[in-house]
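Read the structure below first, then the notes.
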Amino acid sequence: MTRKQRRITLISSALFALALAVGLMLVALRDNIVFFYGPSELAQKAPAVGKRLRIGGLVKEGSFSRQPDETIRFKVTDARQDVAVVYKGALPDLFREGQGVVAEGALGQDGVFWADTILAKHDERYMPREVADALKKQGVWREGDQKSP
Amino acid sequence: MIVETGHYALVLALALALVNSVAPICGSVSGDRRLMAIAPSVALMGFAFTAYAFFALTYAHVTSDFSLANVVENSHSAKPMIYKISGVWGNHEGSMLLWVLVLSLFAAAVALFSGSMPEDLRANVLGVQSWIAAAFLLFILLTSNPFARLAEAPMEGADLNPLLQDPGLAIHPPLLYLGYVGLSITYSFAAAALISGRIDSVFARFVRPWTLVAWICLTLGIAMGSYWAYYTLGWGGFWFWDPVENASLMPWLAATALLHCTLVMEKRDALKIWTIFLAILAFSLSLLGTFLVRSGVLTSVHAFASDPRRGIFILAILVVFIGGSLVLFALRAGGLKQGGLFAPISREGALVLNNLLLTTCCATVFVGTLYPLALEALTGEKISVGAPFFNLTFGPLFVPLFLLMPIGQCLAWKRGDLAGAAQRVFVAIAAGLAAMLALAAWRGGPVASVVLSGIAVYVIIGSFADVWRRLFGGGASFAAAGQRALGLPRQAFGAAFAHAGIGVTLLGLAATGWGAEKIIAMKPGETVSVGGYDVTLDRVTPRAGPNYSEMVAATTIRSGGNVVARIEPATRFYPARRMSRSEAGISTIGFGQVYMSIGEMTGNGAVNTRIFWKPLVALIWIGALLMAFGGGLSLSDRSFRIGVARRAGKARAGSPQLAE
């Protein structure tokens, strides 16, 4: 096999691997991206029922309740809009009313957000960045409100 | 006082780094041996000063000196001693200091252990290493000074983030940094080789042991971090495809590829350009990881602070070092001579394929990690790219890698025989297929788990096919094989163990499909059956720790009425930060684990629990240990020490001349 042929084999196999990877990534990006919305954005954009989403905001004070069958209901708020969330499962340690939360799931026909994951992502100040940004957009949260302890 | 001297030592270290970033390289260009000769001693002094600065900060943490802002923000007088020490690197400033310490440690190690290296190569390597050190020392001194004092010292500190108060987290960052920053040496080697224009198999032989050291530490560091996430986050997951985890996975993939292609360059003097490129790439990805983690663009327990100035500073370092090295690469790479020829089906060909797949995997992780950031910066839209994306892209690229791994090991250099290699791994193929059939009959279960387990068995057995043939080939007896084993290079055993380690990890991953999970509110006295084990919650009691209070759920695990283990999952509350975290109760049974974490109490005296049965889960980390062990075996191979032996010979030859 000559040098030229060898180089062609090498380049074509590299191109093949690259094409495969790009193809896989495009398919994966089309189907597996999850958008993040704050409550106001959610109301505004009205995503399709059943589409996977993440929502984030503060857990509304006084909205948390636990049904006898261990289903959990609470509202996520950014002070302008509320979204009712239903979730069944264990809550992360840092979940509490008045604090930031990120939930992943989908909207149901009834406008309730059916979460299957409550994320424990947070920084040392207990505020998921996405939530802080969503709140900032609504002018509810100002920089420096939450001083690090 | 000690604190001020520490600060001063850091400034001195910067001055030394600046000296070393100019003088030795000037020396190598002008051929001045005296200038080149200063590099090792300056590197050693730089390490001494940085180590002193680190000691000073540690001293302040250990003695709870609350006049230091860094100590106030991250320590508490009631914190146990181990976390007072690990708290030094459990914050932004301290972790950057650790980063620089490791950087100078590697420079010092090169200065000490490279007596056999060509003089100009060593001078250039230490010079480039000093550029990096100078950049990061400037970063610390200008934007993240750990030695800043407070005008009025408070009585008590704010305590360390409870999630970081864990023995796993005490060793995870140093190990990971040894890996991350260890790649800086390969980068320096590549840049030095480009500067001096000498890129040959000698270069590959010198760069390989350093890559191995970094790779071993990186492997252990990643495994440690994943085990920490597994038992402290309380959801039983061990890898979340979190951007921060990806930031450590990308350099690992690049370093793995580099490890394989230095082999080709060393043995066959081929793939030179590619090796240099990978060496640059691996450290660039480390820098990128540092940027992602330290700049505050991501949310995670690792993102300690988000001062925009710091992000911009690291971004500038990133641009200068990656851009600069790529420019150097572009200028010099064209002039490289082509190396040895090889047929596509050969050991070299297999290693090229390995590199192709590993770097492609790395690229998919790169896209998955950075795409959301880029999209948010460009359109303001927030998305998350999670496990499904990576499973779909990473999986299909890794499976061929697994399938080809044992075969590639059996191919000969230059021109291999595919049928012959396949024949040699025939036993492994048969064992893999048998495992698949047996598991399908016994467990049924998810197809992916069955298939991946079969592949894992094939990889584990196939990894030893080459060593087996070299020991027992031609029907050798055990005694003869033992003789041969002594003669066989340790690299061969190292490769076999490291590859088997990948297979063991894969087996652990495949077995997750057979796990069982229950999420349930339990009252004391209640029993739940999970995966064939009866888990009884005996009682829930409060208990006081040194700087926390906890609710402990004493739990007994029984199998067929016999007590197997007792575990104590707990939730801990840290009053200083008003944060709580869970401490999972884990009992290892065989290679499987019963994992239980508890949440808050419900109104009627029950406690929310999450109980898992995770068969073979321990193999995931045991596999990583095996990989590191294999790396260690390779590192102890005598071929790495030949250079030293040759120097001893030269010295002896030289002494009579002195006598003359």
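Laboratory data are not the source of any read-out in this text; all were calculated from the coordinates shown. Every value quoted in this text rests on a predicted model; they were computed, and no experiment measured them. Using ideal geometry, Cβ is built from the backbone for each residue, glycine included, and neighbour counts are taken over all protein chains shown.
Would you tally the net charge around B:T262, using a Cβ to Cβ cut-off of less than 10 Å, leaving B:T262 out, and scoring K and R as +1, D and E as -1?
Values: positive: B:R205, B:R208, B:K267; negative: B:E266.
Result for the local shell: +2.
Lys/Arg Cβ at +1, Asp/Glu Cβ at -1, dipole of region B:344-471 taken about the Cα centre: which of B:F389, B:F426, B:A440 is farthest positive-ward?
Comparing the listed Cα positions along the dipole, B:F426 ranks first.
So, R0 is 41 Å and r is the distance between the beta-carbons of A:Q44 and B:V399; what FRET efficiency does that work out to, to 0.05? Working shown, then result.
Values: r = 43 Å, r/R0 = 1.04.
My answer for the efficiency is 0.45.
What ranking, highest mean first, results for peptides B:577-588, B:470-481, B:617-628, B:550-561 when packing means the other Cβ atoms within 10 Å averaged over each residue?
Details: B:577-588: 19.8, B:470-481: 11.7, B:617-628: 21.7, B:550-561: 17.1.
In descending order of packing, they fall as B:617-628, B:577-588, B:550-561, B:470-481.
Report, to one decimal in Å, the Kirkwood hydrodynamic radius for chain B based on all distinct Cα pairs.
On the way: mean 1/r = 0.0370 Å⁻¹.
Here the Kirkwood hydrodynamic radius works out to 27.0 Å.
Dividing the alpha-carbon radius of gyration of region B:440-539 by 2.2 N^0.38 Å (N being the number of residues), what value is obtained? Walk me through the numbers before you get to the answer.
Details: Rg = 21.5 Å, N = 100, 2.2 N^0.38 = 12.7 Å.
Dividing the Cα radius of gyration by 2.2 N^0.38 Å gives 1.70.
Go through B:L331, B:T262, B:S295 and say which Cα lies farthest out towards the positive end of the charge dipole of region B:196-333; charges sit on Cβ, +1 for Lys and Arg, -1 for Asp and Glu.
Of the candidates, B:L331 comes out farthest on the positive side.
Using the structure shown, select from A:K75/B:K79; A:K4/B:K267; A:K51/B:K614; A:K4/B:K414; A:K51/A:K88 the pairs with a Cα to Cα distance greater than 26 angstrom.
On the way: A:K75/B:K79 37 Å; A:K4/B:K267 22 Å; A:K51/B:K614 31 Å; A:K4/B:K414 16 Å; A:K51/A:K88 19 Å.
Distance filter (> 26 Å) returns A:K75/B:K79; A:K51/B:K614.
Considering only the protein assembly as shown, what is the antiparallel percent among its DSSP beta bridges, to the nearest 5? Each step should come with its number before you reach the end.
Values: 76 of 82 bridges.
DSSP beta bridges in the protein assembly as shown are roughly 95 percent antiparallel.
Can you tell me the FRET efficiency between B:T5 and B:R309 if r is taken as the Cβ-Cβ distance and R0 is 25 Å, rounded to the nearest 0.05?
Working: r = 27 Å, r/R0 = 1.07.
According to the calculation, E is roughly 0.40.
Taking a cut-off of 18 Å, what percent of all Cα-Cα pairs in region B:516-614 are separated by more than that? Provide the component values of the computation, followed by the final result.
On the way: 2068 of 4851 pairs.
Cα-Cα pairs in region B:516-614 separated by more than 18 Å: 43 percent.
To the nearest 20 Debye, how big is the dipole of the protein assembly as shown about its Cα centre, given +1 on the beta carbon of each Lys and Arg and -1 on that of each Asp and Glu? Can you show the working numbers first?
Numbers: 68 positive and 50 negative charges, 529 e Å.
It comes to approximately 2540 debye.
Give me the distance between the Cα centres of region B:130-149 and region B:491-558, rounded to whole Å.
With region B:130-149 and region B:491-558 each reduced to a Cα centre, they are spaced 42 Å.
Report the Stokes-Einstein translational diffusion coefficient (µm² s⁻¹, integer) for region B:34-80, Rh taken as the Kirkwood radius over Cα pairs, at 4 °C with viscosity 1.567 mPa s. List each step's numbers first, then the result.
Numbers: Rh = 12.6 Å.
Estimated diffusion coefficient is 103 µm²/s.
Would you work out which of B:F55, A:F16, B:P372 lies farthest towards the positive end of the dipole of the protein assembly as shown, given +1 charges on the beta-carbon of Lys and Arg and -1 on that of Asp and Glu, about the Cα centre?
Looking along the dipole axis, the top candidate is A:F16.
Using only Cα positions of region B:1-153, each an equal point scatterer, no hydration layer, compute I(q)/I(0) via Debye at q = 0.14, 0.19 Å⁻¹ and quote the log10 values to two decimals.
-0.66, -0.99
Quick one: putting +1 on the C-beta of Lys and Arg, -1 on the C-beta of Asp and Glu, what dipole do you get for region B:516-614 around its Cα centre, in Debye to the nearest 20? Could the numbers behind the result be given before it?
Working: 12 positive and 8 negative charges, 49 e Å.
Dipole of region B:516-614, to the nearest 20 debye: 240 debye.
What's the center-to-center distance, using Cα atoms, between region B:273-287 and region B:197-232 in Å?
First find each Cα centre; the distance between them is then 13 Å.
For chain B, what is the charge dipole size about the Cα centre, in debye to the nearest 20, if Lys and Arg each add +1 at the Cβ and Asp and Glu each add -1 at the Cβ?
Values: 45 positive and 32 negative charges, 379 e Å.
Dipole about the Cα centre, nearest 20: 1820 debye.
Go ahead and run the numbers for FRET between B:V319 and A:L15, Cβ-Cβ distance against an R0 of 30 Å, rounding to 0.05.
Working: r = 29 Å, r/R0 = 0.97.
FRET efficiency, B:V319 to A:L15: 0.55.
What distance in nm lies between label points placed 7 Å from Cα along the C-beta direction at B:R198 and B:A448?
5.1 nm
For region A:1-40 and region B:1-50, what is the centre-to-centre distance using only Cα atoms, to the nearest Å?
Result: 44 Å between the Cα centres.
Need one value for B:387-400: mean number of C-beta atoms belonging to other chains within 10 Å of its residues' C-beta atoms.
Numbers: counts 1, 6, 9, 2, 2, 7, 11, 3, 1, 4, 4, 0, 0, 2.
Partner Cβ neighbours, averaged per residue: 4.
Measuring from label point to label point, each 7 Å out along Cα→Cβ, what is the B:I38 to A:W114 span in nm?
Placing both labels 7 Å beyond Cα along the Cβ direction yields 7.2 nm.
Please report, in whole Å, how far the alpha carbons of the protein assembly as shown spread along each principal axis, starting with the longest.
So the three principal-axis extents are 92, 72, 53 Å.
Using a 10 Å cut-off around each Cβ of peptide B:93-103, what is the average number of partner chain Cβ atoms that fall inside? Intermediate results must be reported in sequence, preceding the final value.
Numbers: counts 0, 0, 0, 0, 0, 0, 0, 0, 0, 0, 0.
That works out to 0 on average.
Quick check on the protein assembly as shown: helices-only [θ] at 222 nm, where DSSP H runs of length 4 and up contribute -39,500 (n - 2.57) each and the sum goes over total residues. Nearest 500, please.
On the way: 24 runs with 473 residues, N = 809.
That comes out to -20000 deg cm²/dmol.
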